[in-house]
Every structure is written in structure tokens, then in C-alpha cells.
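First up is the structure itself, then whatever we jot down about it.
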There are 4 protein chains.
Amino acid sequence: MNIDTAELPDPDDAEDRPAPADRPAPAGNPGWLSEDELQFVRGRLPVVYVEAVPVRLDGLGQVVEVGLLLRGTPDGVMTRALVSGRVRYGETLREALFRHLENDLGPMAFPQMPTTMCPVQVAEYFPMPGITPYVDDRQHAVSLVYVVPVTGACDPRQDALEVTWMAPEEALSPETLDELPGGRGTLLRQALSAVGC
Amino acid sequence: MNIDTAELPDPDDAEDRPAPADRPAPAGNPGWLSEDELQFVRGRLPVVYVEAVPVRLDGLGQVVEVGLLLRGTPDGVMTRALVSGRVRYGETLREALFRHLENDLGPMAFPQMPTTMCPVQVAEYFPMPGITPYVDDRQHAVSLVYVVPVTGACDPRQDALEVTWMAPEEALSPETLDELPGGRGTLLRQALSAVGC
Amino acid sequence: MNIDTAELPDPDDAEDRPAPADRPAPAGNPGWLSEDELQFVRGRLPVVYVEAVPVRLDGLGQVVEVGLLLRGTPDGVMTRALVSGRVRYGETLREALFRHLENDLGPMAFPQMPTTMCPVQVAEYFPMPGITPYVDDRQHAVSLVYVVPVTGACDPRQDALEVTWMAPEEALSPETLDELPGGRGTLLRQALSAVGC
Amino acid sequence: MNIDTAELPDPDDAEDRPAPADRPAPAGNPGWLSEDELQFVRGRLPVVYVEAVPVRLDGLGQVVEVGLLLRGTPDGVMTRALVSGRVRYGETLREALFRHLENDLGPMAFPQMPTTMCPVQVAEYFPMPGITPYVDDRQHAVSLVYVVPVTGACDPRQDALEVTWMAPEEALSPETLDELPGGRGTLLRQALSAVGC
């Protein structure tokens, strides 16, 4: 069994990988889509996503470090990524955000969940460039973006090699922002701006 | 031809009524769903919505009046509603918001579109009550909510009988909030709170 | 030595009590005002305040309890209060917010400081009623309001008798909102609305 | 009579120039400070400011142009500035914002006032650098920052030479951001990020 189609804006996020077309959705979980179904809905509806910028805070709540996932694409290029994933049918935004944080940062990372689900930014991804700054060639996605303080040890699971922590100034440098594909450099700049960086 | 299934959280919003099952989607518009398709996707994915509270402002930007749609249900009960509707595949949030404002308030109403698409509230509608305050028995919807100043004359199209303008205190009274079904009274209170009412 | 003029919107908050008129400001601390100075500046400039609604969260970040300070006025009336206090000259908003949280909730309460200092509400207090919903007969104050998750044990210092924890619905009931003087019931409703309550 | 001390973060904003020390405050207006009084309070309390980034929108509310004031300093250096000014005693934030927009953009500019006074950013200016990104050597100021759509003709009064309109990308370029003194380049980047630029 070979699963090679990722479901998330981030092409290497394995957690939401669809089941193969010949495997039915787990009983009672209509939010689990077969690959065919996923292909179909992706072409008919905008898909809801959550994304998160993990940060470390000082004692007064100021952001002192920003965490970016480091990933290698199949052809060996290194890219940076945010925590990101789809919201399933029947799942609340909080549940989806928590699930993707745990998937991407590991079980020993303790996210400080936001008190409000009003996002710091809404990113609209389209398959075709030029409509917004954000591109996802697999789908039209509406992504709610949060800045999430994290304590504990981050041990990325799935396809990420590591979480790189850096000062906000380094995260905001053109070099770093350019390492995020699909317009997510702009998104990172917007999210950090919202928390005073 | 009889269309009796509305697509929106608001059950009487005709604009997004699905095409009947036997009519194909208009060529080149994958966002237009047949009734069968809509039924299918509604059970598999959260659907993206935008909602708006129309308001009138004084010269300094303070809300002085709140506009609520008045609707009669098929069985003759009067209810209040917000401007509301689905975001189609390929459509930006701004386009969807503008389209639904025009549909619900008429072409002579001039909405002052928000500068940011960060909503004042995110309402998560589920078919089953108790998960959040918001219920929509047709679907799981994630709705981005805005407060939109409107000038000009509101002449509701579709199934709304009228737009009723009232002082913020009246809109926030328990009597008015109770007239909005599906938890939208809570939503109206939250949206008006965000603009200092 | 008798100090009977409190400096905060909350009349019983002792922390910011001015020094008596005959005692100079502590050396090097121009933000510490004598009573005469405080009287003077209060009549000439709007004073910057921070206010906080302490809350307890569940594991997904949802507010499950709201903390209100219980105070007795000199004439024996019980009132509810938010955490509140002045921002001193040379002090950042974060420092002032942390200081007042510690003063009002005690040293064993651990506030989860906000990542952004953009408040959920700005309350403008005026000595004369009718300009805004908020009244403070001592001054014109511009108050930045936050919702602050708190863990640990709250042991109110100063003049508060206790911190009462209650469900968000109880905090939002007309009975509770009416127990907060000077328009702070409206403020509490707005702040809780911003976090989805 | 020579007035050479401006009162605003922007050193050339004449509107809020203090009255000379020998002239009493206009009767009944305690918010009007003599130069001596202003000097005194500036050293004792944080001063409340409002700042605005004027923008032009397209029909869907998206920012298409950003307006920056162009000013010459007394020694002939050109700098960029935001609309900015102090909030007087007894004045609401809305009144102050409107007053400064009119002062800085002229009477033929029509600002679309924000529906909420929750700012897109709070800038804390200190006389000493290093505490925050924002510096104002005259005072400790807490500034509430807004993005304000403007229609009509901008005809800067006071000391500004002109309002320069530019695309958001140009406003966000390092070259432009560097032309704003006192950390306001960071502030402009944050404010534009908040509206999706």
C-alpha cells in the first residue's frame, strides 16, 4: 500500500493523508475521505484549514522565538513550513488545531491554545496564482491562522525533519520568508506582525 | 420545477439554492453544485460561509442602527436573520460577502466592505446541538462573521420581507436575540459586542 | 497616615494608591505620583489603564470559568470587579498588566499573558455619564481590556474579599452584569463575547 | 511668540502645539495644556495617542494604495509620517482620530471611520530606545493604531508637504519603511499586515 498524495497545503503532512480509494471510510466517520472522494470535493468546495505559527514566549508573553518546520521535498529541496492541516467534517476548529499541533510537533509539546478562534489572519489559497498571495495547486482552501505559544519539547513527527527555533527578526528576514512556499512567507510576516513582532 | 432545499444556514436564502439534481453545473463553474452533489459534500466536509450584520453609523463611525432581515418560514413563523451565504469554489471571501450582501439587501444598498477578512467572530455550525452554540441541521459550516456598515436603501430580495433597523440596545435585548434561530442570537450579541455595542 | 484616595477605576484597589502629598516620589521613579500630582494630571490628561478578565480554560482553550473579584465598598455594599490598574510612566503595558494581575490575584496565580497587546476591547471612562457606557468619577481613562487565562490558586490581596469563579453563562447573566459598577457589566459582556462566550 | 515644541510623536504636527507657558488654558478646556504643563505631565504619565494609516480601497474593500505624509524636518531632511496625534482630556478616541485625520489630510478628505476602536496595533513609545521598537524622545506614549480608508482629495495642512499614495508593496519595501523615523516603519508593516497586505 502506497500513499503518496498528501492532503494538506503542506505537501508533506502525512497525518491527513487520504485513505486509498479502495478502502472505505472508517465506520461512523464521514470526515475520513477516500482518495477519490477527496479529489472530488477538492474540486467543488473550498476546504477549511487551520494553520499555526508555534512561538516561545518570555515571562511577560512577548514572543522571543518562532518555530518553523523544516522539510525535504521528494526531490531533495529543503523548505520551511507552518503547522497546518484540514478541518474534518464533525470536528471543531479547536480539535483540528490541537490535532495538527500534536501531529506536527509531537506529543511532548504543550501548546497554549488560543482563547478565541478569531484568527490573526485568514489565508485564501487558490490553485491558480494571482488571486491572492497564497497558492495551493491541489485545492481552494480557506485557512484560519493562529499564533500558538508552545512549551515542552518539540519532536516533529510525520515528514518534518525538525522544528527550527529562531528569533523573530530572523523569521522575518527576507531569506527565511523566501523559504516558505506558496505565499506562506507573506503569511508568516502577517502572523508575526499581529503579535507585535 | 420545484426547489425547496435552501443551501444556507438561513433556510430561506434562495440565492444559493442548489440546481435540481437533473441539471448539470453551468459549464466552467465547478462551484455550482447539483442538489445531489451538494448533499454529498455537505456530509463530508465543513462548508465555508460568510455572515454579515448590517449596521448604520454616525459620522464618527459609531454604530447607531442594526439591520436584521425579517423572514417568514414556510409554516408562517416570523424569524430574524443575518446576511448569510456559502462561499463557492473559486470565489474569494470578499466576493462571496459582497454577493450575499447584494442578494440580501438589494442593489441600492452600498456596503462598506471590511479592510480585513479577519472576522469579528467565527461561528461553527453543526447538525447536532450541544457542540457549539450554533446549529444548522443541514450541514457542518464554518462561518466567518463581519459587521458591515451599509448606506443607501435596503430592499431585500429573495425571501426576506424587509430589513428592520433598530437601535443597538434593542438588537441586544433578549426578545430580539431570541428571534434569531440556530444560535444566531448569541452570534449577533458577539458581533455587536466587537464593535463596542 | 491615612490614605483614602485610590487611583484606579476600581475604587478599592490599593496597589496604586498615591503617596501622600508630602512624600516625594521615590528617587528615579517619575511614575510614582504624589496625591497632589495625581489630582492634577487626572484633570488634564486621559490616564492609561489595563483591565483583565481572569478565566479558566479547558484543554482545548475554551473558557469554562470566569473569575470576578468580590469587593465591599466602604459603606458595605458588595460589588464585582475586574482586575484593573493604571499604567505608570516608563512601564510597558505587559509589565502593568502582569503587576495588576499579581496584585489582584496573588502570587500563586499564574496568568497566561497575551501574545498581542491589541486588546479585545477599549473602554473609555469619563467622569460624566452618557459619553460612553463607562463612567469613572475620578478621571478620564482609556483602558485596554484583555481576557487572561489563569492557572494556580487565586488569593486576592488588597481589598478584594475573594475571586468568585463562575460559568460563562452565569457571568453573562443580567444579575451578574448588574453587580459591576461604572459600565463594567457591558465591558464584561463584550470581553466574554470576544472569546466566543 | 515662538512655538517650537511639537506635542505629537510626529515632531512637525502643529495642531497639538502647546500654548506658550504664559497663556492660560482656554476657559473650560482642561485638555488644552500650557507648555509648562505639557512638559510636566509628559514626564509623569504615559500619553494617549491615536495613529492612522490612510488607505484607498477597491470596490471589494481590498487596500490598493497607502498614503504616507511627506515632511521636511527643520534641518531639511525628508521623512515619512503617519497621521498621528494626542487624545485630549475629555475627548473620545473617535473624536481625536477624526480631528487628526482632518488636520493631517485636509477638509476635503473623507475618512471611513472604523466600526471598532480596538486598534490593529498598539505602539508603546518610550524616550529611551530598546524597550520597544518605538521611540519618541519627548515622552512615553501609548498609541492606538488604525487603518483608515479615505476617499476624496487629500490636501495636507500643517507642516506636511504632501500625501504620497503608493501600492502596498512599495509601502512595505525596506526603502519606504526606513523613511519612517522612531520605529514607525515597523508599525506601518504591522498595520498593513493586519489588513492582508
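The values are calculated or read from the model by the stated rules, or taken from the named source; none is laboratory data. Not measured: the values here are computed from a predicted model. Cβ placement follows ideal geometry from the backbone for every residue including glycine, while neighbour counts extend to all protein chains displayed. For accessibility, only protein heavy atoms count, side chains too; no ligands or nucleic acids. Shrake-Rupley method; radii C 1.70, N 1.55, O 1.52, S 1.80 Å.
Miscellaneous remarks
- Residue within the range D:122-134 that is surrounded by fewer than 17 Cβ atoms within 10 Å (Cβ to Cβ), in contact with a Pro (Cβ under 9 Å, 6 or more places away or on another chain) and either at pLDDT 95 or above or under 19 Å from residue D:184 (Cα atoms) (or both) present: no
- Check on residue D:148, open to solvent by less than 10 Å² (accessible area, probe 1.4 Å), in a strand (DSSP E or B) and within 11 Å of chain B (Cβ to nearest Cβ): yes
- Residue that is farthest from the other protein chains (Cβ to nearest Cβ) [pool: residues in the range C:119-132 that are of a type in the set (A, V, I, L, M, F, W, C) and outside any loop (DSSP other than H, G, I, E, B)]: C:123
- Residue C:82, sole failed condition from (1) of a type outside the set (Phe, Trp, Tyr); (2) buried (at least 23 other Cβ atoms within 10 Å of the Cβ); (3) away from chain A (no Cβ under 14 Å); (4) within 22 Å of residue A:196 (Cβ to Cβ): (4)
- In the range D:130-159, residue nearest to the chain's Cα centre (by Cα) [restricted to those that are of a type in the set (A, V, I, L, M, F, W, C) and over 23 Å from residue D:93 (Cα atoms)]: D:153
- Looking only at the range D:170-180, and only at residues there that are closer than 28 Å to residue D:131 by Cα and either at pLDDT below 95 or in contact with a helix residue (DSSP H, G or I) (Cβ under 8 Å, 6 or more places away or on another chain) (or both), the one that is most open to solvent (accessible area, probe 1.4 Å): D:178
- Only one of A:138, A:184, A:157 that is of a type in the set (Lys, Arg) and closer than 26 Å to residue A:115 by Cβ: A:184
- Among the residues making up the range D:85-105, those that are among the acidic types (Asp, Glu) and open to solvent by 10 Å² or more (accessible area, probe 1.4 Å) are D:91, D:95, D:102.
- Condition met for residue B:94 (more than 14 Å from chain D (Cβ to nearest Cβ), of a type in the set (Lys, Arg), out of contact with any helix residue (DSSP H, G or I) (no Cβ under 6 Å at 6 or more places or on another chain) and under 24 Å from residue A:136 (Cβ atoms)): no
- Selection from the range D:32-46 of residues that are in contact with a Ser or Thr (Cβ under 9 Å, 6 or more places away or on another chain) and within 11 Å of another protein chain (Cβ to nearest Cβ): D:38
- Selection from the range D:59-79 of residues that are within 13 Å of chain B (Cβ to nearest Cβ), of a type outside the set (D, E, K, R) and in contact with a strand residue (DSSP E or B) (Cβ under 7 Å, 6 or more places away or on another chain): D:63, D:64, D:66
- Residues within the range D:63-75 that are open to solvent by 10 Å² or more (accessible area, probe 1.4 Å) and touching a Phe, Trp or Tyr at 6+ places or on another chain (Cβ under 6 Å), tallied: 1
- Hits in the range B:44-62 (condition: touching a Leu at 6+ places or on another chain (Cβ under 9 Å) and open to solvent by 10 Å² or more (accessible area, probe 1.4 Å)): B:44, B:60
- Scope the range D:170-197; condition part of a helix (DSSP H, G or I), under 18 Å from residue A:185 (Cβ atoms) and within 11 Å of another protein chain (Cβ to nearest Cβ); matching residues: D:174, D:186, D:189, D:190, D:192, D:193, D:194
- Any chance residue A:167 is within 13 Å of chain C (Cβ to nearest Cβ), small (Gly, Ala, Ser) and open to solvent by 20 Å² or more (accessible area, probe 1.4 Å): no
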